[in-house]
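The values are calculated or read from the model by the stated rules, or taken from the named source; none is laboratory data. Just so it is clear, the structure is predicted and the values come from calculations on it, not from any experiment. Glycine gets a Cβ as well: all are built from the backbone with ideal geometry, and neighbour counts include every protein chain shown.
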Amino acid sequence: MKLGKRYPNPGDMIKIKMLLFHHWALYVGGGYVVPVTSADEKATLLRASTVTTLTRKAKVKKELLKEVARRYDWNVNNNYDWYRVPLPVEEIVRHAESWIGKEVPYDMLRSNCRHFVTMLRYGKGSLSSFTFPLQVTKAVAGTTAVVGGMMLVGLATLVVNGFSGDTSKKGRKKYYH
């Protein structure tokens, strides 16, 4: 564990930072996490992600955080706490442990490891309750704002040019009183 890294508490969501994606697990205490992963016991984390994506199935396991994270950096990331109230810790852990050994549907966009641990922490009724992760929502909102802003600037330019007419002096007559 890196110096200064907060040790997780039971019920915390753990984000494992991989090269191309992040893997998520729920910390249940004693150094253990509950992740969804490939049923293949010998699969590396990267290979497990590929297998679960292709088969659209994953298995819930209880493993040591250090074995799940391996050489990758990780941190506690209870990213929805700012607008959702987590369930009581005992309920989160009991619910997580009730899933161990079960097979669950897996879909990279609608039902992935992040959705699973989010459901465990906040008590949503299905694995796909958080279909669009927060970063996807932010990206869509940001793109919409930029495009909308560009359209408003263009419209404002047309309106201003339409009211001002031709501003060149060529062909103008001077009137004096």
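Numbers at a glance
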| item | result |
| --- | --- |
| Residue list for segment 80-112, filter: in contact (Cβ under 8 Å) with a residue 40 or more places away in the chain and in contact with a Pro (Cβ under 6 Å, 6 or more places away or on another chain) | V89, V93 |
| Odd one out for L64, checked against (1) closer than 25 Å to L20 by Cα; (2) surrounded by 16 or more Cβ atoms within 10 Å (Cβ to Cβ) | (2) |
| Within segment 111-134, considering residues that are among the basic types (K, R) and part of a helix (DSSP H, G or I), the one modelled with the highest pLDDT | R121 |
| Of residues in segment 71-106 being among the acidic types (D, E) and more than 14 Å from the chain's Cα centre (by Cα), the one nearest to P10 (Cα to Cα) | E90 |
